[in-house]
Amino acid sequence: MLKSPFGILIGAAAFVLAVSPEARKAARRLAVKGTEMVLEVSDHIKEAASVRQGGQQVKHSNVEKTSIRLDEQD
């Protein structure tokens with residue numbers, strides 16, 4: 001795997017994440033932001049689908065939607 005340029009890139013990224021707390025913190029921040037964007041896009045798709053169906057929304061559970069903000073702690 002390390003013979004290809006992609007393998008070398010993955011190996012270098014793994015090494016940097018293993019030795020650098022700042023890199024892990026940045027990677028964690030990017031993962032949280034990426035997850036947030038994916039969830040927002042899925043919400044927009046669900047809203048668009050419900051509008052297309054005539055505004056009828058189907059509830060799958062009685063769980064309320066909540067927003068959690070993760071503040072950075074240094």
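Where a number appears in this text, it was derived from the coordinates with a stated rule and is not lab data. What you see is a predicted model, and the numbers here were worked out from it, not measured in a lab. Because the Cβ atoms are built from the backbone with ideal geometry, glycine has one as well, and the counts that use them run over all protein chains shown.
Structural remarks
- Dipole of segment 1-51, positive end: most advanced residue of Ala14, Val38, Ala48 [Cβ charges, Cα centre]: Ala14
- Binning all Cα-Cα separations of segment 1-46 at 5 Å, short to long from zero, yields these whole-percent fractions: 5, 21, 14, 15, 16, 13, 10, 6, 1.
- The trypsin sites (Lys or Arg not before Pro) of segment 1-56 meeting both criteria, a DSSP state outside H, G, I, E and B (loop) and at most 13 other C-beta atoms within 10 angstrom of the site's C-beta, are Lys3.
- Ala26-Ser4 FRET efficiency (beta carbon distance; Förster radius 35 Å; 0.05 resolution): 0.90
- The charge dipole of segment 1-45, taken about the Cα centre with unit charges on the Cβ atoms of Lys, Arg (+1) and Asp, Glu (-1), comes to about 280 debye, rounded to the nearest 20.
- At R0 = 35 Å, FRET efficiency that the Cβ-Cβ distance of Lys33 and Gln53 yields, to 0.05: 0.70
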